[in-house]
């Protein structure tokens, strides 16, 4: 299948999905998310694929959801917004329930929804240039799926979510967000080395082990986090504030960069 916003390649037992909107820091627009769904399904059904690697083209892994697109093409009814959120939840559940190991090669900025998606994958290797964060609150927004507390614990999750501040790759490794940090030019070699190790494992026991680990977290309530997080996210989307309306106005009139500069300056004052 031909894709426009991602690149999907297969070599041996390993498939590689590359987010390919480098001019937009690989932000998740509607088209990319639809193609992500299709690529996950294609590789899931391909028995020759044992491991999936996900990375980004250019200098970023992904900046998260495409804020500009969502502001310029808003969902105008409560029903439409709730449906949109439900579709996003189902998409991330497809990542969570993907039966084969997913390894993320974080080649640069990994922010917002991209960080949430990355945390739903199995393993992650990071470039030493990567940056991680949940900056949504700076733009009068919030995370859709608060999976970060499951990854780093309550205290640090509160700090990162409340402040919107970013951390470097080594702090991300210390917190357990990524498994390993390597020099930037060694990222893909290290990632494919790990991918090949998993690809050579017995298929059924490896997939059942993943299933078992996922169910362990589900018994602790991680799926409730998905559900309640999306409901609170809906409330946030429906509760326009002066700041969120001003941010959207600047995006429409002056562009996303100007709006982000305004939001950052307001935070610093």
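What follows draws every value from the coordinates through simple rules; no lab data is involved. Quick caveat: nothing in here was measured; it's all calculated off a predicted structure. All Cβ positions, even for glycine, are placed from backbone atoms using ideal geometry, and neighbour counts span all protein chains on display.
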Inset, instruction - Starting from the Cα of residue 4, step 7 Å along the direction of its Cβ; do the same at residue 189; then give the gap between the two resulting points in nm. - result: 3.8
Inset, instruction - For the chain, just say rounded, prolate or oblate: build the C-alpha gyration tensor, square-root its eigenvalues into a ≥ b ≥ c, call rounded for a/c under 1.5, and beyond that prolate if a/b exceeds b/c, oblate if not. - result: prolate
Inset, instruction - Please give the helix 242-254 orientation as an angle from the longest Cα principal axis of the chain, in degrees from 0 to 90, rounded to the nearest 10. - result: 80
Inset, instruction - Considering only 45, 136, 86, give the residue with the highest GNM mean-square fluctuation for the chain, with springs between Cα atoms whenever their separation is below 10 Å. - result: 45
Legend entry - Helix 203-219 vs. the chain, principal-axis angle (Cα, 0 to 90°, nearest 10): 40
Legend entry - Where a label projected 7 Å from the Cα of residue 196 along Cα→Cβ would reach, residues of region 1-18 with amide N under 17 Å: 10-16
Inset, instruction - Go ahead and set up a Gaussian network model of the chain, Cα springs under 10 Å, then flag whichever of 52, 148, 83 fluctuates most. - result: 83
Inset, instruction - Measure off 7 Å from each Cα along the Cα-to-Cβ vector at residue 79 and residue 258, then give the distance between these two points in nanometres to one decimal. - result: 3.6
Legend entry - region 1-118: relative contact order in percent, alpha carbon pairs under 8 Å with at least 6 residues between: 31
Inset, instruction - Compute the long axis of helix 256-268 from its Cα atoms, compare it with the longest principal axis of the Cα atoms of the chain, and write down the angle in degrees, 0 to 90, nearest 10. - result: 80
Inset, instruction - Would you look at the GNM of the chain, springs on alpha carbons closer than 10 Å, and say which of 255, 108, 58 moves the most? - result: 255
Inset, instruction - Between residue 224 and residue 180, with labels modelled 7 Å along Cα→Cβ, what's the label distance in nm to one decimal, could you check? - result: 3.6
Inset, instruction - Could you line up 228, 162, 98 from fewest to most neighbouring Cβ atoms inside 10 Å? - result: 162, 228, 98
Legend entry - Segment residue 266-residue 158, extension gain: residue separation times 0.36 nm, minus the distance between their alpha carbons: 36.8 nm
Legend entry - Alpha-carbon centroids, region 233-257 and region 76-101: separation in whole Å: 22
